[in-house]
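Asker: Sharing a structure with you now.
The values are calculated or read from the model by the stated rules, or taken from the named source; none is laboratory data. Everything numeric in this text was worked out from a predicted model, so none of it was measured. Here the Cβ is made from the backbone with ideal geometry for all residues, glycine too, and neighbour counts use every protein chain on show.
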Amino acid sequence: MIPIHFEYYRPQTVRQAVETYIRLLQEKKKPLYYGGGSEIISMSRAGDIHPGAVIDIKEIPECMVFEEQNERLVIGAAVTLRQIRDSRMFPLLGTVSKHIADHTNQCRITLGGNLCGNIIYREMSSPLLLSDAQVLFFGPDGVRRALFTDAFQLRMLMNPGELLMQIHISKQYLKSPYRYIKKTANEKIDYPLMSIAALYDQKSWRVAFSGLCASPFRSLKIEEILNQRHLSPLQRAEMVSELVPGQALSDYRGSSQYRLFMLKNTLADMMEEWEHV
Amino acid sequence: MSELRRNVQRKESWDKVTGNAKYCDDFSVSGMLTARILTSPHGHAIIKRIDTSSAWSIPGVKAVITGKDFPVLCGVLLRDRPALAIDRVRYCGEPVALVVALDEETALKARDLIQVEYEPLPVILDPADALKEGAPILHPQVGVLFPDVKDIYPIHGTNIASHYQIRRGEIQAGWKACEYQVEEDYYLPPSDHLAMEVRTARAQISADGKVKITTTSQAPFSVKKQIAEYFKIPAGQIEVHVPLVGGGFGGKASVMLEILAYIASRKVGGRPVRLVITREEDLQSAPCRLSLRSKIKLGADCQGKIQAAEITYWLDCGAYSDIAPNMAKSMASNGTGPYYIPNLFCNSFCVYTNHTYATSYRSFGHESFTYCLERAMDRLADRSGIDPLEFRLINAIRPGDLTPTQVQCTPSNTGNLVACLQKVKDLAKWQGTAPIKIEPNKVRVQGVSCLWKSASPPTNAVSGAMITFNPDGSLNLNTGVVEMGSGNKTNLAQILAAKMKLDISQIHVVYDVDTRLNPEHWKTVASLSGYMAGNAVCQAADDVLEQIRTIAAQAFECQKQELEIADGMVFIKNNPNCYLLFKDIVAGYKAPDGRSIGEPVLGRGGFMLKGLSILDQETGKGKPGPSWTVGVQIVELEFDKRDFTYRLIEAYTVIDCGALINPQAISEMIAGGMAMGIGLASREYLSYDFQGVLQSPTLRTYKLLHIGQEPDYRVGLVQTPQEDAPYGIRSLSEHGIIGIPAALGNALSRAAKVNCTQLPLTPEYLWSISQKGQA
């Protein structure tokens, strides 16, 4: 059980949500925006966090929207991983969501929750880093629009009280060729030892990583190497894995050396697959 | 006999699959208080100060208890463990304080306000470090405080809680006869039981001092004795209740939470208290599986016959000894595996460290030493140039051979390992040692391990059975065995049905154990319930049959020998028309003329282990358990040579079950053991940092085997009856786990061309040893 009392709010508009948040913050209630709750519930149960209030955003229309508008796909922050997968609107994003947690949790975990939560892998960020996605926040000053690559620097950078409201993805990327490989230490369902997402844009591949380092990232330098098609996949993979050392994550899921070993193989595999695209 | 070989559904199945089954924490009691524990964040530290005043100030708090409130030492063998830590904590997760409050929320709020000041001490996490000169001594009083404990040999002034040795033959002469030798070091980290039902306990004390404890225990009678002893209460004042238990695997045989529940209730005037333990606390604070370090030196002559072995086991029992000294004894007495080794020099130490303390775990340490021993066996087979399965056949223990403790093997007491090995060869289509290439980077490979196990019960362990009747003539079977998913109650009902020549639907079993009502059964552990309680059931059945015959002989005015009993009736053999139904006779018989004959039939059967002895301290000679169960296991897997991942395809067990009872239930029990063995071997371990803090305290981080990762399970049975067991049925419930880690280690060592000496066998581990260029 969650052994603490907390207040529960379910606002109908973004403005209400943000106002509630600001008020609760002033009342020192340590409020949290609440999407699927999977992380808030388990961390509260374990006593790692003690929110005095949660603000459920699942009745805010802007956060629930999931449709193509003009030339963009608009995904509300409260859309679940399962919805994203089932819709097939952005296959790379759907593939990534398929590899997070189990079915039960995929039906709960939301896009916003995965991006803004405390668990470091935030795997849903990779496709967004690759697709020039835009992110819409709603804060005390109204809507703020940013490039996802600017707003996501190791984690989501948000102003106090701001709510991640929507992600916008330009249609041109939705059906681009993609590849996704996720490696775990041993399990079918687990956090990634590393995952690599790749999206083909015009004539080159864009690549983002999760689990490899302390935070998901996209590196133009790495992409430059990986796109040197005159080199063999293994050569390119080795060059890349020499760039990462020191930054590779080392934890009980895997040592940094092992991650680098896996990186080489996984990249080589991925580049082999590129040949077939 | 026909009742025995039949597949029967477990008696409790319908309740379980419909969710009607009730477990310890499912019963609500009005006015019940809730208790939560505060645990140590340090692996080893002095408690300098505990300030509970703020915790007391929360409305609804009924008690805040610390170690000094109940300065009693507990422990089933050595009394080395305080109920709550006093002055010193010895593992991370050790209970330091207990809060009792109106509800859980209040208890937690108060718990978080308790201030404890610690002074960290050096942490020992490896038996090798614990035995080094100058290592901190975790229990300075051991060996002094309870010097007269039988069969336990603590060494005062060291971290050794007990020591056993086996000396047989002439070890130096043995080495001279050896053509091939291997010498290897092994290390197995601790892991946990993770029964689906989290451990918990409740207690209340009535106004006249009667203590009622309800618990998730495999050992209700032991709970009663231990509470009586620690708190100096007459045992008759204590009643222990155990409803269905949701899996035990040995982890619920230890008495810990019952003590906490009892002191909690004591502190609040006897009000009922429910101790709430979370999954995370269950993992970290309640006892886990042992950790093991070992050194094994084996030698074989030019024919591949093992001539000598020098074996040392350092069992890491963690912070407190609990039942671990007996596991160290068990490792000494069975630590050669099921092989005859004429010249043997074995030491087994039980060593304290700052790990969570260990208790019995499915197979009582056999799964751990078997990994080490069977890895060494494979290495020696390779060195001798003999196929590993063949090598095991050459050395398999046979009738006439002596076990390490010098018990002479007979088909009855040890079964037939040779037959198991021959059978598994066909069942698994043994392919030998060479990996078979199936894809450019993939090979298919098999690994084999033998197994054996004997129990190490107290030499005077007892069991009992009572039988009463219902008006329809059906029987109630009442034993002290706990039903925890292993199907014991159904097995016993099946034995009774066979004895009574009756359909099993006519046998009703009592699930819950209440120590006032059920006859004592030592503990539901060691795979001994079928043997011990089964013998008691047979005796109770004989008692019932005799009483029925006596009444019927009077009713029919015939001799008892003329009577036959079957299908719920007693009849004259030569005149089956002359019969009486159970329902008309088991409450005493009322003759047609109104005369009453006989009295109600009440069956009783008692059983006490016989012929066991404690081991000689010098040579280890003695008889530790009633019999051995032997078998052999093979796993087959696909290995990816490039990234060191693997997928299990098949897992086989051929085991000597003595005689067959409920064949499908046996196969499932063994498959369950194999699954647990695969989990243990491939992923499960408790990972500690240098300060002794558990790094994997949740099921997000502590990984278990999941559906979809399992191989096909195949089971073959050999039947060599055990003469003193009911219907010849051998002890068989833990065993499926024992050889699996070793079989997996053997298969992966061949596939990856490495020498696996640890667990778990993760892809990273295989990769890392391949980098070191081993093998």
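Asker: Looking at B:ALA358, B:ALA328, can you tell me which residue is in the same structural domain as B:GLY677 (by TED's automatic domain parsing) and in contact with a Lys or Arg (Cβ under 8 Å, 6 or more places away or on another chain)?
Answerer: On inspection, the qualifying residue turns out to be B:ALA358.
Asker: Within the stretch A:1-47, can you find the residues that are in contact with a Gly (Cβ under 8 Å, 6 or more places away or on another chain), crowded, with 21+ Cβ neighbours inside 10 Å and among the aliphatic types (A, V, I, L, M)?
Answerer: A:VAL18, A:LEU24, listed by residue number.
Asker: Turning to a different aspect of this structure: Only residues that are outside any strand (DSSP E or B) and under 25 Å from A:MET156 (Cβ atoms): list them for the stretch A:194-236, please.
Answerer: The answer is A:GLY211, A:LEU212, A:CYS213, A:ALA214, A:SER215, A:PRO216, A:SER219, A:LEU220, A:LYS221, A:ILE222, A:GLU223.
Asker: It is to be established whether one or more residues within the stretch B:643-652 are within 11 Å of chain A (Cβ to nearest Cβ), assigned to a loop (DSSP other than H, G, I, E, B), under 19 Å from B:ASN746 (Cβ atoms) and not aromatic (Phe, Trp, Tyr).
Answerer: Yes - at least one qualifying residue is present in the stretch B:643-652.
Asker: Related question: Would you confirm, using the coordinates I've provided, whether B:GLY304 is part of a loop (DSSP other than H, G, I, E, B), under 28 Å from the mean Cα position of the chain (by Cα) and farther than 30 Å from B:GLY209 by Cβ?
Answerer: Spelling it out, it is not the case that B:GLY304 is part of a loop (DSSP other than H, G, I, E, B), under 28 Å from the mean Cα position of the chain (by Cα) and farther than 30 Å from B:GLY209 by Cβ.
Asker: State whether one or more residues within the stretch A:216-229 are within 24 Å of the chain's Cα centre (by Cα), polar (S, T, N, Q), assigned by TED's automatic domain parsing to the domain that holds A:TYR191 and closer than 30 Å to B:ARG683 by Cβ.
Answerer: No, the stretch A:216-229 contains no residue that is within 24 Å of the chain's Cα centre (by Cα), polar (S, T, N, Q), assigned by TED's automatic domain parsing to the domain that holds A:TYR191 and closer than 30 Å to B:ARG683 by Cβ.
Asker: Identify, by number, the condition in (1) assigned to a loop (DSSP other than H, G, I, E, B); (2) within 13 Å of another protein chain (Cβ to nearest Cβ); (3) hydroxyl-bearing (Ser, Thr, Tyr) that A:TYR258 doesn't meet.
Answerer: With (1) assigned to a loop (DSSP other than H, G, I, E, B); (2) within 13 Å of another protein chain (Cβ to nearest Cβ); (3) hydroxyl-bearing (Ser, Thr, Tyr) applied to A:TYR258, the lone miss is (1).
Asker: Please go through the stretch A:228-270 and pick out each residue that is of a type outside the set (D, E, K, R) and more than 22 Å from A:LYS182 (Cβ to Cβ).
Answerer: Residues satisfying the conditions are A:GLN228, A:HIS230, A:LEU231, A:SER232, A:GLN235, A:MET239, A:GLY246.
Asker: Is it the case, given these coordinates, that A:ALA53 is among the small types (Gly, Ala, Ser), more than 14 Å from chain B (Cβ to nearest Cβ) and over 26 Å from A:TYR121 (Cα atoms)?
Answerer: no
Asker: Suppose we filter the stretch A:176-195 for residues that are surrounded by fewer than 24 Cβ atoms within 10 Å (Cβ to Cβ), out of contact with any Leu (no Cβ under 6 Å at 6 or more places or on another chain) and away from chain B (no Cβ under 14 Å); how many remain?
Answerer: 3
Asker: Residues in the stretch B:706-717 that are surrounded by 15 or more Cβ atoms within 10 Å (Cβ to Cβ), more than 9 Å from chain A (Cβ to nearest Cβ) and part of a loop (DSSP other than H, G, I, E, B): how many?
Answerer: The total comes to 2.
Asker: Moving on. Would the stretch B:396-415 turn up any residue that is assigned to a strand (DSSP E or B), buried (at least 17 other Cβ atoms within 10 Å of the Cβ) and either on the phi > 0 side of the Ramachandran plot or not hydroxyl-bearing (Ser, Thr, Tyr) (or both)?
Answerer: Yes, the stretch B:396-415 contains a residue that is assigned to a strand (DSSP E or B), buried (at least 17 other Cβ atoms within 10 Å of the Cβ) and either on the phi > 0 side of the Ramachandran plot or not hydroxyl-bearing (Ser, Thr, Tyr) (or both).
Asker: Quick one: is B:ILE661 away from every other protein chain (no Cβ under 14 Å), at negative phi and modelled with pLDDT under 95?
Answerer: Yes; evaluated as a whole, the condition is true for this residue.
Asker: Could you check the stretch B:543-638 for strands (runs of 3 or more DSSP E) lying wholly inside it with 1 or more residues that are closer than 30 Å to B:TYR153 by Cβ?
Answerer: Output list reads B:603-608.
Asker: List pairs: first in the stretch B:286-308 and closer than 30 Å to B:LEU260 by Cβ, second of a type in the set (Phe, Trp, Tyr) and assigned to a strand (DSSP E or B), Cβ under 9 Å, 6+ apart or cross-chain?
Answerer: B:SER291/B:TYR187; B:LEU292/B:TYR186; B:LEU292/B:TYR187; B:LEU292/B:TYR313; B:LEU292/B:TRP314
Asker: Do we have any residue at all in the stretch B:531-545 that's surrounded by fewer than 16 Cβ atoms within 10 Å (Cβ to Cβ), touching a residue at least 60 places away in the same chain (Cβ under 8 Å) and in contact with a helix residue (DSSP H, G or I) (Cβ under 8 Å, 6 or more places away or on another chain)?
Answerer: Yes - at least one qualifying residue is present in the stretch B:531-545.
Asker: Name the residue, out of A:LEU249, A:LEU267, A:LEU263, that is within 14 Å of another protein chain (Cβ to nearest Cβ), part of a loop (DSSP other than H, G, I, E, B) and modelled with pLDDT of 90 or more.
Answerer: A:LEU249
Asker: So which pairs qualify, if the first residue must be in the stretch A:147-162 and in contact (Cβ under 8 Å) with a residue 60 or more places away in the chain, the second must be loosely packed, with under 12 Cβ neighbours inside 10 Å, the Cβ gap must be under 8 Å, and the two must be at least 6 apart or on different chains?
Answerer: Every condition considered, no pair remains.
So that you can scan it fast, the table gives a plain yes or no per residue for (1) in contact (Cβ under 8 Å) with a residue 12 or more places away in the chain; (2) of a type in the set (Val, Ile, Thr); (3) within 14 Å of chain A (Cβ to nearest Cβ):
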site: B:GLU104; (1), (2), (3): yes, no, yes
site: B:PRO120; (1), (2), (3): yes, no, no
site: B:ILE124; (1), (2), (3): yes, yes, no
site: B:TYR187; (1), (2), (3): yes, no, no
site: B:HIS193; (1), (2), (3): yes, no, no
site: B:SER206; (1), (2), (3): yes, no, no
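Asker: Examine the stretch B:753-772 for a residue that is under 30 Å from B:TYR531 (Cα atoms), modelled with pLDDT of 95 or more, more than 14 Å from chain A (Cβ to nearest Cβ) and under 23 Å from the mean Cα position of the chain (by Cα), and state whether such a residue exists.
Answerer: No, the stretch B:753-772 has no match at all.
Asker: When only residues in the stretch A:23-48 that are outside any helix (DSSP H, G or I) and in contact with an Asp or Glu (Cβ under 9 Å, 6 or more places away or on another chain) count, which is farthest from the other protein chains (Cβ to nearest Cβ)?
Answerer: A:TYR33
Asker: To continue, here is another question. Taking the stretch B:347-388, which residues are surrounded by fewer than 24 Cβ atoms within 10 Å (Cβ to Cβ) and not in a helix (DSSP H, G or I)?
Answerer: B:ASN347, B:GLY385, B:ILE386, B:ASP387
Asker: Return a yes/no flag: does the stretch A:200-208 have any residue that is over 25 Å from A:THR95 (Cα atoms) and among the small types (Gly, Ala, Ser).
Answerer: No, the stretch A:200-208 has no match at all.
Asker: A follow-up question, please. For B:SER696, state whether it is surrounded by fewer than 21 Cβ atoms within 10 Å (Cβ to Cβ), within 14 Å of chain A (Cβ to nearest Cβ) and either in a helix (DSSP H, G or I) or among the hydrophobic types (A, V, I, L, M, F, W, C) (or both).
Answerer: So B:SER696 fails the test.
Asker: Please count how many residues of the stretch B:419-456 are in a loop (DSSP other than H, G, I, E, B), surrounded by fewer than 21 Cβ atoms within 10 Å (Cβ to Cβ) and under 27 Å from the mean Cα position of the chain (by Cα).
Answerer: Matching residues across the stretch B:419-456 total 0.
Asker: Have a look at B:PHE607, B:PHE582, B:PHE571 and point out the one that is more than 30 Å from A:LYS188 (Cα to Cα), buried (at least 20 other Cβ atoms within 10 Å of the Cβ), without any contact (Cβ under 8 Å) to a residue 60 or more places away in the chain and of a type in the set (Phe, Trp, Tyr).
Answerer: Just a single option satisfies the conditions, and that option is B:PHE571.
Asker: Collect the residues in the stretch B:676-690 that are surrounded by 21 or more Cβ atoms within 10 Å (Cβ to Cβ) and without any contact (Cβ under 8 Å) to a residue 40 or more places away in the chain, keeping them in residue-number order.
Answerer: Within the stretch B:676-690, B:GLY679 is the sole residue that qualifies.
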